Protein chains: 2
Amino acid sequence: MTTSTALHTDRYELTMLEAALRDGTAHRRCVFELFGRRLPGGRRFGVVAGTGRLLSLIDDFRFGDDELRFLRDNRVVDAATLAFLADYRFRGSISGYREGELYFPGSPILTVEGTFAEAVILETLALSVLNHDSAVATAAARMSIAAGDRPLAEMGSRRAAEESAVAAARAAYITGFGATSNLEAGRRWGIPTMGTAAHAWTLLHDTEEDAFRSQVEALGVGTTLLVDTYDTRRGVELAVQVAGTRLGGVRIDSGDLPTVAAEVRAQLDALGATGTKITVTSDLDEYAIASLAASPVDAYGVGTSVVTGSGTPTAGMVYKLVARQDAAGSWIAVAKASTDKGSKGGRKAAFRTVADGTATSELIAVSDGFEHVDTASEHPDARPLQVPLVEAGRTDARYVGPAGVEGARSHHARVREELPVRALALSKSDPAIPTVYVDARE
Amino acid sequence: MTTSTALHTDRYELTMLEAALRDGTAHRRCVFELFGRRLPGGRRFGVVAGTGRLLSLIDDFRFGDDELRFLRDNRVVDAATLAFLADYRFRGSISGYREGELYFPGSPILTVEGTFAEAVILETLALSVLNHDSAVATAAARMSIAAGDRPLAEMGSRRAAEESAVAAARAAYITGFGATSNLEAGRRWGIPTMGTAAHAWTLLHDTEEDAFRSQVEALGVGTTLLVDTYDTRRGVELAVQVAGTRLGGVRIDSGDLPTVAAEVRAQLDALGATGTKITVTSDLDEYAIASLAASPVDAYGVGTSVVTGSGTPTAGMVYKLVARQDAAGSWIAVAKASTDKGSKGGRKAAFRTVADGTATSELIAVSDGFEHVDTASEHPDARPLQVPLVEAGRTDARYVGPAGVEGARSHHARVREELPVRALALSKSDPAIPTVYVDARE
């Protein structure tokens, strides 16, 4: 099995490369931007996630013998293109929003600059990673807001393809979840893992009491017992009988949760297990979590809804050529013009204006192409949102690996504090702050 | 980078394993079944996909030094459990529905038999693969029905995480799509790949004419030109001017497709390009495809909706212990009893009853545990749905790799012919055939 990521690519990128190598445009300098035209699902803000993952995958974006053989055997591209790909690695630069940052319609989340040849073929991989991870992160942030101070655990691996599950655990952790059930996410990204027992554990044993006793013997009285396999009331009674009043927790995975949680709390208190915590895990989403705010619940486990973006499984971002050089080396802003998908040409510099600690707008300065907008002089009160991620092919190591995940988590917590109150509501609405374009060309 | 899949596992599976090794229940023979309680999204049938992928991933489900070190360093399990895992490979048996087969509520899609220890730890991986791939396959089958004889291409890689994209291309191909844009899916699974050019191709050039001319020179007049970058009418005119009337095709990626397709067809015909085909690719789903049935469209390219399951990104299947031996070796049917998630205990044998070539029911015979139902004598007219996939740890090679994909595609085409007419409607409804349980215990 190869670790090259180079074939996570739509065939047309290589077809365009072949034609561009023939006609000489392959070497024109280009600026591609990755952005979302809107916030799907009526979200009031988006959260950027996947950047650190993408940077590592770009490092592995090489065409080795296996990749070249496939392309040759299937006549995907010609010999000149194969020769170009054999030598390919990305030598351009990428700047963008920090992972964990908020975004709004039009935010230039990534800006990829290089020759057409080297930048165009990253389109599919960049979009795959950021569309998935940002969709999960955005949903997870809403759940984290709904949960308030109560801990959230991600346990949806079984409802997402196996590698997406790892990425989803990572995105949820960045936006405020405290742990995941997914061991691979623990290994690869350093995310805390959790979990005790399923219904199969109880069913495996001759009696529920046998199951509880064995679990407590193996894991100690601090463990969490799943009490709803047969009859929740009897399960709670047994749990305290077996583990004593110092039982760590009980988990409830079915029933009308506000009702059941209140009953279980009352029962635990009556039995003297006043410190035993209640975790609920049954088909929760941000709305169900919010509806439990007044219930005696201590922690939430969220599955399907977080890993599938709670109704919005993709962020719908696009990767567009916005500026290029012509044959004479002059920069030209470009954009698709026709009908319903018009994009804004030109390179963007992005700032968040903040007043009294609250975000007021996404300020986007548009220029023709190469030149960077001077942030300090033109927008002294605005926070610049883009950082260098890759310079001349070299990735900034701070943004990758487990350290990158921790950095993204801290950054997200910090910038989320700036959201206006209207951004915290769960109902569908417009973006919480407006996107304001300014022309930086004169 | 390791190729082990063993940590694509929820932590609680290993926690249960540890406790079961301590109390001796780890070695009880068990039957787990993987099934869907319902067809989410109001689907009238489901399509099983992912089986071949899963079988290969189970072959790689080994705990090597890296995996064991992570578990030890993070104190996930004790030393005895680490020793068990170091020696682990699945030595039990798996039977199930053929990939590409239809399924309905309760269908025993996979039956995993082995000790509790060896079977319980496959839960997360099995569900991750089948929930994702079956959700995509089910959506893709509906699109394939809506498209009729017109070819469908999957081009949604950018709207799914990078590995999910490959799995989605595979699932779509099994259910009737003819090609994918994803090169990795071509390499790994032998699926035909396709694609020519994006809007960036036109924007890269000084004029649309330059772009078209270069593409035709590189790829021949049989290529497909993307005509909607600036003005579709002008684009079509230019395309025929550059390539001549033998131009292979034009692609339209925006606008009101029924209107635009009719206009473009009339224009092409008036220009004499009567054989030039029209491909449309703008945000299609099964409903949009159906609404184009009377339009002069020759081929569809589908993105977001197919890779995200068209509103149903997970099939919602579960993996449940349904029978186990007790300490004396007797088989006992088991099921969670409480509240809203009741499952049916006991091992299931599944058949599809068919009358005059049309499926009439999903017949499920329930037994306590070990014994297989004698199909020939009890249900002579019903087609048995389960085949052996893994026997004593050995995978049937016919179901894995590219050959497995081709087999699944043929099987799907065959069994879809049996669907009653009411299954072909796109509106939300009940399953097209009823699930009928019979007791096979006496």
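Taken together, the values in this text are just the output of simple stated rules run on the coordinates, not laboratory data. Quantities reported herein were computed from a predicted structural model and do not represent experimental measurements. Every residue, glycine among them, receives a Cβ derived from its backbone with ideal geometry; neighbour counts consider all protein chains shown.
What the table shows:
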read-out: Leading residue at positive end of dipole, chain B (Cβ point charges), from B:T223, B:L122, B:T138; value: B:L122
read-out: Nearest-20 debye value, the protein assembly as shown charge dipole, Cβ charges on Lys, Arg, Asp, Glu; value: 340
read-out: Test item: Cα-centred dipole of chain A, Lys/Arg +1 and Asp/Glu -1 on Cβ, debye; value: 620
read-out: Dipole in debye (nearest 20) - region A:147-307, about Cα centre, beta carbon charges: Lys, Arg +1; Asp, Glu -1; value: 460
read-out: Charge dipole of the protein assembly as shown about the Cα centre (unit charges at C-beta), most positive-ward option of B:L284, B:V260, A:I191; value: B:V260
read-out: Listed residues B:V322, B:P384, B:S427: farthest to the positive end of the dipole of chain B (Cβ charges); value: B:V322
read-out: Convex hull of region A:159-238 built on C-alpha atoms - directionally averaged projected area, nm²; value: 6.6
read-out: Cα centroid separation, region A:206-248 to region B:54-82 (Å); value: 27
read-out: Residues A:I332 and B:V387, FRET efficiency given R0 of 45 Å [Cβ-Cβ distance, rounded to 0.05]; value: 0.15
read-out: A:A270-A:V354 FRET efficiency (beta carbon distance; Förster radius 35 Å; 0.05 resolution); value: 0.10
read-out: Evaluated at q = 0.11 Å⁻¹: base-10 log I(q)/I(0), Debye formula over Cα of chain B; value: -0.88
read-out: Percentage relative contact order, region A:12-167, counting C-alpha pairs under 8 Å, at least six apart; value: 36
read-out: Chain B, relative contact order in percent, only Cα pairs under 8 angstrom and at least six apart counted; value: 23
read-out: Relative contact order %, region A:147-307, counting alpha carbon pairs below 8 Å whose residues are six or more apart; value: 26
read-out: For q = 0.08, 0.09, 0.16 Å⁻¹, Debye-computed log10 I/I(0) when each Cα of region A:34-182 counts as one equal scatterer; value: -0.29, -0.36, -0.91
read-out: Label geometry 7 Å along the beta-carbon vector: A:P192 inter-copy distances in nm; value: 5.3
read-out: Translational diffusion coefficient (Stokes-Einstein; Kirkwood radius from C-alpha pairs) of region A:147-307 at 20 °C, 1.002 mPa s, in µm²/s; value: 133
read-out: Gap separating the Cα centres of region B:350-366 and region A:101-116, nearest whole Å; value: 53
read-out: Teacher prompt: A:G42 distances to equivalent labels in other copies, 7 Å Cα→Cβ, nm; value: 1.8
read-out: Coarse-grained scattering of region B:262-327 at q = 0.13, 0.23, 0.24, 0.28 Å⁻¹, given as base-10 log I(q)/I(0) from a Debye sum over alpha-carbon atoms; value: -0.55, -0.99, -1.03, -1.18
read-out: Label point 7 Å beyond Cα along the C-beta direction, distances from B:D439 to other copies (nm, shortest first); value: 8.1
read-out: Separation in nanometres of the label points that stand 7 Å from Cα toward Cβ, at A:A86 and B:R422; value: 6.2
read-out: Centroid-to-centroid separation of region B:271-302 and region A:155-170 [C-alpha atoms, Å]; value: 35
read-out: Hits among lysines - C-alpha to C-alpha of B:K344 under 27 Å, sequence gap 8 or more where chains match; value: B:K320, B:K336, B:K428
read-out: Approximate shape of the protein assembly as shown as ellipsoid semi-axes (Cα gyration tensor, √5λ), whole Å, largest first; value: 47, 34, 24
read-out: Which of B:E217, B:E362 has the fewest Cβ neighbours within 10 Å, and the rest in rising order; value: B:E217, B:E362
